[in-house]
Structures are given as structure tokens and as C-alpha cells.
Amino acid sequence: MYIPRSEHPNPQFQREHWQCLNGEWQFEIDQGKSGEARGLAQPDAVYSRRITVPFCPQSALSGIGETDFMYSVWYRREVELTDSQLRGAVLLHFGAVDYEARVFINGKPAASHRGGYVSFCLDITAFCKAGVNVICVNALDDERDPMIPRGKQSEEYFSHGCDYTRTTGIWQSVWLEFVPDTRIESFKFYPDCKTGSLTVRARLRGAGVLTAQAWYHGREVGVSSVASEGGDALLTLAFSETHLWQPGEGNLYDLVFTYGEDTVKSYCGLRSLRLDGFRFLINEKPVFQRLVLDQGFYPDGIYTAPSDAALRGDIERAMACGFNGARLHEKIFEPRFLYHADRMGYLVWGEYPNWGLDHSRSEAVFSILPEWLEEIQRDFNHPSIIGWCPFNETWDRYGRKQNDEVLRMVYLATKAADDTRPCIDVSGNFHVQTDIFDVHDYEQDPVVFRANYDKLMTEDTLHDRFSDRQPYSFGMPVFISEYGGIQWSDGVGWGYGNAPKDEAAFIARYRGLTEAILQNKRMFGFCYTQLTDVEQERNGLYTYDRQPKFDPAVFYAINTQPAAIETE
């Protein structure tokens with residue numbers, strides 16, 4: 001049977017004994033949400049269709065390709081388990097299911113999960129038996145519900161403006177793990193560049209001795225052990241060689257953890273982050289962030305990359321244009337993308353797909369905070385993630401302003417969950433409490449653009465369209481986290497401003513806008529909109545099918561010029 005995306009979904013927490021469940025599943029659309037009453041959760045249920053997991057039913061790669069709203073969908077699959085596989089625990093993992101997932105094993109409800117973007121794991125041991133087992137998944141979704149974050153999924157029938165084809169149900173890999181009762185449940189990494197060491201906080205189940213071993217390019221560089229009765233355990237691993245993770249150099253250490261009969265492979269990077277006035281320091285050196293907006297949409301897979309190579313390819317395309325990182329925009333990207341970013345030394349900002357959520361309502365905090373904290377927990381160990389941003393452009397809703405306390409609470413919870421990275425409360429507008437003050441500006445005239453932001457150097461004032469709602473306090477670090485978006489298409493779709501008349505005019509505009517930021521002594525970065533076109537939005541440096549519109553070397557030469565804040 002063809003198994004798409006068969007690589008291990010999480011290289012930072014990888015066991016030997018696992019089974020990929022991607023491929024063909026039975027499938028049913030259940031618009032009336034009556035599937036359970038009609039027996040679709042039962043082991044002998046008959047479904048009328050087939051779908052290829054992990055691709056969403058709206059995508060061509062799923063084999064379904066229906067793009068209308070789907071309020072409820074069902075999946076069914078048989079899995080044969082052996083006595084040896086049942087000797088310990090059976091864990092069922094889902095990379096992501098949009099939006100609310102209910103899981104049934106052999107006809108019995110096993111668990112549920114709310115949140116369409118982050119991974120979750122279920123212990124299904126008590127529901128399993130030797131022989132054939134039936135897994136059923138019911139996914140509920142409604143992109144029009146103001147309490148469901150939808151990101152860039154269209155709440156109208158057609159894609160429009162900045163919103164695109166919807167995703168319902170399973171859209172990342174599904175897999176089983178077979179684990180011993182005494183095992184490692186999770187770990188968090190705290191690297192220390194000064195001492196060349198890694199402190200590990202592990203969550204353990206059962207009593208045993210936790211051992212960590214480290215290698216660098218095949219050379220063993222450290223080993224450490226600690227005894228535990230279960231629960232939390234701390235371990236410090238001193239490296240005999242110090243190699244720093246830095247932009248363009250993903251110097252990673254390979255790790256192996258053992259606890260009883262459990263073995264987990266992982267990796268880490270040594271790097272530090274710190275804000276220093278207007279500067280963003282990585283390993284105590286000012287680094288100008290040359291970022292590009294990456295929305296993570298694919299023509300054939302929608303939210304899901306068709307292959308692991310496609311994930312890596314988007315990073316390679318960005319780096320070919322001279323970008324050293326990306327804003328992962330309005331979407332939680334899958335762990336394998338972050339793995340490639342880690343390996344390639346690619347800087348990324350972790351964001352949450354908050355669009356669609358009514359930020360004016362106090363109860364909105366219950367729709368974002370649980371899943372947002374799950375994201376921070378899942379992705380905490382990735383050295384490529386250099387900051388968090390839970391909200392993007394919290395526009396007024398039906399004339400109602402955002403509830404500032406919702407944003408403040410999420411910011412404070414972010415800092416409590418991770419005090420090692422800076423947090424932007426809301427990118428662009430409207431800031432409430434933030435470590436960095438970023439703005440979005442799609443001014444297309446480079447002369448006007450430069451004059452506006454030069455005032456930060458000459459007059460100590462930041463140009464901002466929303467200064468009445470988010471006053472800037474001089475001295476806060478600043479960057480322009482969306483700009484450009486220059487339209488370039490065959491007359492179909494849209495981009496920002498008037499389309500340049502020819503290639504030379506496009507490049508001149510790009511150069512003028514970009515150099516205005518690079519040469520500003522009080523700007524630590526930019527983020528250009530965007531890497532690729534997405535459906536009707538035609539302002540990418542590449543087309544939607546990843547073809548370059550211009551020679552990437554042109555943008556590489558512009559983007560990699562020395563930045564003023566790096567050379568002072």
C-alpha cells in the first residue's frame with residue numbers, strides 16, 4: 001500500500017518501534033453531525049469513500065478534492081496488533097486534526113482534542129486487543145464560528161483576499177508508538193553557550209536511571225545519568241566540544257536518551273537569545289533578521305506539503321534569495337519543517353493562526369490559550385525558533401475593539417511558559433504588552449518609505465499608522481515584520497500597490513524598500529511579503545507551484561548587504 005509522508009513525523013522525539021498510519025482510510029462526510037447516531041463509530045460500520053491520509057479532503061492529494069464547507073467528517077482504519085506490541089503501552093499520535101477530534105477504538109470513545117493545528121497523543125492501550133483493531137476519527141469544524149481560530153482558511157465559499165482554501169480533519173501524519181511502561185514522556189532543553197552544556201528537564205514514568213549521550217558529527221562528546229523515581233528529573237550534559245548553532249549553520253548535537261527499556265533519539269543546538277536596546281543578539285552578536293513571510297500552503301496539499309523534500313525546498317528557496325529566516329504566518333508548521341530549519345540554521349518565528357477568532361470577547365482566551373501553550377510545549381526545543389507571536393493583526397470586529405486583557409493574558413502566559421525567547425503580543429496591530437514593537441507597512445514608494453522610518457534615527461519617533469491605539473515607547477526594539485508584497489502576476493489575482501511595469505521596475509522597488517530598512521541603524525530586521533504566491537494572492541517571489549519569477553541571485557545580492565545595526 002502506498003504510504004505518503006512515511007518519514008518519522010518528529011525527529012526530536014523518535015523511537016524505533018513505531019508504525020506510520022498514513023495512506024488509505026475509509027472516509028465519510030457527515031454534514032448533519034449525525035454520524036455517531038448512525039453507527040459510524042462502530043467497528044462494523046461501512047463507509048462509502050476512501051481518502052489518502054494525511055491530506056485534507058479539500059486537497060487533490062487526498063483523492064477527494066471537495067472544497068465546500070465540511071462540518072463533520074469521519075475516518076476509519078483497521079490496524080493489526082500483535083501480543084508483543086501490546087506488552088507495554090500503545091500510543092496513538094496525530095500531527096494535527098482540524099478542529100475538534102473525537103477518537104474511537106473498537107467502537108469505544110477513547111479521547112478527544114480541541115485545536116486544529118497542534119499535535120496530540122493518546123494512550124489507547126486499554127482499548128486494544130491482539131488481532132484486528134478499528135480506529136475511527138470524527139473531526140468537527142466550522143470556519144464561520146467566531147470562537148474557532150481558522151488562520152487563513154476562507155469563511156466564504158470562495159477563496160478571497162488573504163483567505164484561501166479550507167482544511168478539515170486530519171492534515172498531518174498519524175502514527176502508533178509501542179512503548180514500555182517505564183518510559184520517557186517528554187523533555188525540555190536549556191542550552192548554555194558559556195559553559196558548553198545542556199540542562200535537560202525530563203518527565204518520566206516509573207523508576208529508573210535516565211542516561212543522556214551526545215555526539216557531534218559522529219564523535220561522542222558527552223554522557224550523563226541521573227536516577228529517578230518518576231515525575232520530573234534534571235540532568236546536565238557537559239559537551240567536550242562547543243559548537244554554536246547560528247544563522248546559516250545548524251550545528252546540531254545528536255542525542256540518545258535511555259530510561260529502563262525506553263530509548264529516544266533527539267538532537268539539540270547551543271545558542272542564546274537576548275534583546276539589547278534596538279539590537280537582537282544571537283550568541284551575543286547582533287543579527288539582522290532578513291525574514292520572508294511563509295504561509296505554508298501548497299497547490300496540491302493545501303496545508304500539507306506533498307513530501308518532506310517540499311518542506312526542505314521552501315527553506316532552500318528562501319535562502320537562495322538571501323533570507324535567513326521566516327515568519328511562519330497564521331499557521332503552526334509541522335515538526336519536520338522545524339527540523340529542517342534547525343538543521344539549516346534558518347531563523348523562524350512561531351505564530352498562531354488567530355484569524356477568525358473574535359478578539360473582542362473575553363471568552364476568546366479559552367479558544368487560543370490551551371492550544372497556544374501546547375504549541376510552546378511541543379516546539380520548545382527547536383533552536384530555529386527565536387521568538388513567539390500568538391496574534392497577528394487583531395482588527396476590530398463589527399466595530400468592537402479587541403479585548404486588551406485577552407492579549408495581555410496570552411502574552412503573560414507565553415512568558416511564563418518560555419522565558420528564553422522574546423514574545424510579540426500581536427504582530428502589526430494592536431500592541432498591548434510586548435517585548436518587541438513591530439509594524440506592518442505596504443507603502444510602495446521607496447522614497448516615502450525611507451523618509452518615514454528614517455525619523456526613528458533622526459527624531460526618535462516611529463512612523464506608525466496606529467499610534468493612537470499603540471503608542472511606541474522610544475528605546476523598544478523595532479522591526480518591520482510585513483512590507484513589500486509587490487504585485488507581479490499575469491493580470492489575475494492581486495498584490496499590494498500598482499504592479500511595476502517591468503522586471504527592472506520591480507527590482508528597483510524591492511531594492512529601495514529593502515535598503516531603507518537595512519540601512520536604518522535602529523531596525524533589527526524585516527519580513528518581506530512573501531515567499532510564494534498563494535492562490536489569488538500574487539505577490540510572491542515564487543509562483544504558487546514554486547517557480548521563480550525572477551533570478552533569486554538578484555534578491556540574494558540585495559538582502560545580504562551588511563545591515564547598519566550589525567556593523568555599528
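The values are calculated or read from the model by the stated rules, or taken from the named source; none is laboratory data. Computed from a prediction, not measured in an experiment: that's the story for all the values here. Reconstructed Cβ throughout: ideal geometry from the backbone, glycine too, with neighbour counts over all protein chains shown. With ligands, DNA and RNA removed, areas are computed over all heavy atoms of the protein, side chains included. Shrake-Rupley method; radii C 1.70, N 1.55, O 1.52, S 1.80 Å.
Ratio of the stretch 193-237's C-alpha Rg to 2.2 N^0.38 Å, to two decimals? Don't skip to the end; give the middle numbers.
Working: Rg = 11.8 Å, N = 45, 2.2 N^0.38 = 9.3 Å.
In units of the 2.2 N^0.38 Å rule of thumb, it is 1.26.
Can you tell me the alpha carbon radius of gyration of the stretch 117-265 divided by the globular rule-of-thumb value 2.2 N^0.38 Å?
1.46
Where both residues lie in the chain, what percent of DSSP beta bridges are antiparallel, nearest 5?
If we restrict to bridges inside the chain, about 75 percent are antiparallel.
Relative to the longest principal axis of the chain, what angle (0 to 90°, nearest 10) does the C-alpha long axis of helix 503-518 take?
Roughly 90 degrees between the two axes.
For n ≥ 4 DSSP H runs only, could you compute -39500 (n - 2.57) per run for the chain, divide by its residues and tell me the 222 nm figure to the nearest 500?
-5000 deg cm²/dmol
What is the angle, in °, between the Cα long axis of helix 308-320 and the longest principal axis of the Cα atoms in the chain? Nearest 10 is fine, range 0 to 90.
That works out to roughly 10 degrees.
Distance from the Cα centre of the stretch 58-89 to that of the stretch 208-244, in angstrom?
So the two Cα centres are separated by 37 Å.
Given charges of +1 on the Cβ of Lys and Arg and -1 on the Cβ of Asp and Glu, with all other atoms neutral, how large is the dipole of the chain about its Cα centre, in debye to the nearest 20? If you can, show how the numbers build up before the last one.
Working: 56 positive and 80 negative charges, 111 e Å.
That gives a dipole near 540 debye.
Given N residues in the stretch 192-339, what is its alpha carbon radius of gyration divided by 2.2 N^0.38 Å?
Working it through for the stretch 192-339, the quotient is 1.25.
Tell me the label-point distance for the pair T82, Q31, using the 7 Å Cα-to-Cβ offset, in nm and rounded to one decimal.
4.6
Taking the Cα centre of the stretch 448-568 as origin, sum charge times position over the Cβ atoms of Lys and Arg (+1) and Asp and Glu (-1), and report the length of that vector in debye to the nearest 20.
In total the dipole reaches around 160 debye.
Please work out the C-alpha center-to-center distance from the stretch 451-505 to the stretch 352-390 and express it in whole Å.
About 26 Å separates the Cα centre of the stretch 451-505 from the one of the stretch 352-390.
Work out, in µm²/s and without decimals, the Stokes-Einstein translational diffusion coefficient of the stretch 462-542 at 10 °C, 1.306 mPa s, Rh from Kirkwood over C-alpha pairs.
112
Write down the percent of antiparallel bridges among all DSSP beta bridges whose residues are both part of the stretch 214-352, to the nearest 5.
The answer is about 70 percent antiparallel.
When we measure straight from the Cα of K501, which lysines land under 16 angstrom away, once same-chain ones fewer than 8 places off are left out?
List returned: K549.
Report C121's accessible area, 1.4 Å probe, all protein chains in place, as a number in Å² to the nearest 10.
We get 60 Å² for C121.
For the residue pair T236 and D181, what label-to-label distance in nm results when each label sits 7 Å from Cα along the Cα-to-beta-carbon direction?
Placing both labels 7 Å beyond Cα along the Cβ direction yields 3.5 nm.
Calculated FRET efficiency, Q377 and A557, Cβ-Cβ r, R0 35 Å, to nearest 0.05?
Working from the Cβ atoms, E equals 0.30.
Cα axis of helix 404-417 to longest principal axis of the chain: angle in degrees, 0 to 90, nearest 10?
Value to nearest ten degrees: 60.
Enumerate by residue number the chymotrypsin sites (Phe, Trp or Tyr not before Pro) in the stretch 385-469 meeting two conditions: DSSP loop (anything except H, G, I, E, B), and at most 15 other Cβ atoms within 10 Å of the site's Cβ.
W395, Y398, F466
Dipole magnitude of the stretch 55-178 about its Cα centre, charges +1 at Lys/Arg Cβ and -1 at Asp/Glu Cβ only, in debye to the nearest 20?
380
Counting only C-alpha contacts under 8 Å and six or more residues apart, can you give the relative contact order of the chain as a whole percent? It would help to have the intermediate numbers written out before the result.
Working: 1415 pairs, mean separation 68.1, N = 568.
Relative CO of the chain lands at 12 percent.
Mind checking which of M1, L311, Q14 is farthest towards the positive end of the chain's charge dipole, using Cβ charges of +1 (Lys, Arg) and -1 (Asp, Glu) about the Cα centre?
Positive-end residue among those listed: Q14.
May I have the extent of the alpha carbons of the chain along their three principal axes, as whole Å values ordered from largest to smallest?
In descending order, the Cα extents are 72, 58, 45 Å.
Would you check the accessible area of E155, probe 1.4 Å, heavy atoms only, in square angstrom rounded to 10?
Roll a 1.4 Å probe over it and E155 shows about 50 Å².
Computed over the Cα atoms of the stretch 338-466, what is the ratio Rg over Rh, Rh following Kirkwood?
On the way: Rg = 16.3 Å, Rh = 16.1 Å.
That ratio is 1.01, to two decimals.
May I ask for the distance between the Cα centers of the stretch 2-32 and the stretch 271-291, given as a whole number of Å?
A separation of 38 Å, based on Cα centres.
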